[in-house]
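*Asks:* Got a structure for you, written out below as structure tokens; questions coming shortly.
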Amino acid sequence: MLRHCGTLICVVLQGRHLTRKRTHDTQDPVAEVRIDGTRLRTLPDRRGGSAPLWDEQMQFEIVDNGTSPHTLELVCYATDKEPDYIGRTAIDLTPALTQRQYDRWLSLTHHGQCTGQVYVELTYYPLPQPLVIASPASTPPTPSHQHTPHDTMAADDAAQALASPSRDRGHSIPAPTHTSSPPPAPPRTRPPHTSIPTPPKSSPRFVAPIPGTP
């Protein structure tokens, strides 16, 4: 499975001591870079001779296939019209992809002989790695309040005191630390003083004597 890893920027800057392939005509050197099957070529440096100056930037997408390492192959020609081959070189891109910067002279060879050098600048920009977010189920919930042994003992004592009223009341139940006191009761309004009316004295009743009694 192919996986896009990042982007490699290759700057082909200049060449030096290139072998002259044409003695009676000007030499217009061209450099070609090949990475993972992609080929990009510079414009010819007109009358560049043995010391051309290109200073061209190329962009390659790095794709990992999981098998072969990435390599860079550079080929230099004397002109873009006819295949006047000057030389080639190949390097492993692992240092450039690891260090993200790689600048140096690359030596060209042809039939085992050095045919010049080309200076390249490599800069690698890897893709950002996706963030790994932990699942909420994997994180245990944090209790809002952790009960200490002291809180547990105080709660047990309060429960026992409420359940057993005949026990010693000298052991007071600890009051809550954060309770609001009730508002003061309003003053009672006493009813106005009223006197109980005294019933009027009744006059003595006259009892008639029974006849025959002294």
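Read-outs throughout are calculated quantities, based only on the coordinates presented, and are distinct from any laboratory measurement. All of these numbers come straight from a predicted model, not from anything done at the bench. Here the Cβ is made from the backbone with ideal geometry for all residues, glycine too, and neighbour counts use every protein chain on show.
*Asks:* If you take the beta carbon distance between residue 57 and residue 111 as r and set R0 to 41 Å, what does 1/(1 + (r/R0)^6) give as a FRET efficiency, to the nearest 0.05?
*Replies:* 0.85
*Asks:* Can you give me the long-range amide H partners of residue 5? Hydrogens built in the peptide plane at 1.01 Å from N, cutoff under 5 Å, separation of 5 or more residues or another chain.
*Replies:* 62, 63, 64
*Asks:* Now, a different point. Taking R0 as 25 Å, what's the FRET efficiency between residue 104 and residue 67 from their Cβ-Cβ distance, rounded to 0.05?
*Replies:* Efficiency, from the Cβ-Cβ distance: 0.40.
*Asks:* Residue separation times 0.36 nm, minus the C-alpha to C-alpha distance between residue 125 and residue 4: what's the value?
*Replies:* This chain segment gains 42.4 nm when fully extended.
*Asks:* Beyond 20 Å, how much of the Cα-Cα pair distribution for the range 1-70 remains, as a whole percent?
*Replies:* 43 percent
*Asks:* Binning every alpha carbon pair distance of the range 3-124 at 10 Å from zero, what are the percents per bin?
*Replies:* 14, 46, 28, 10, 1
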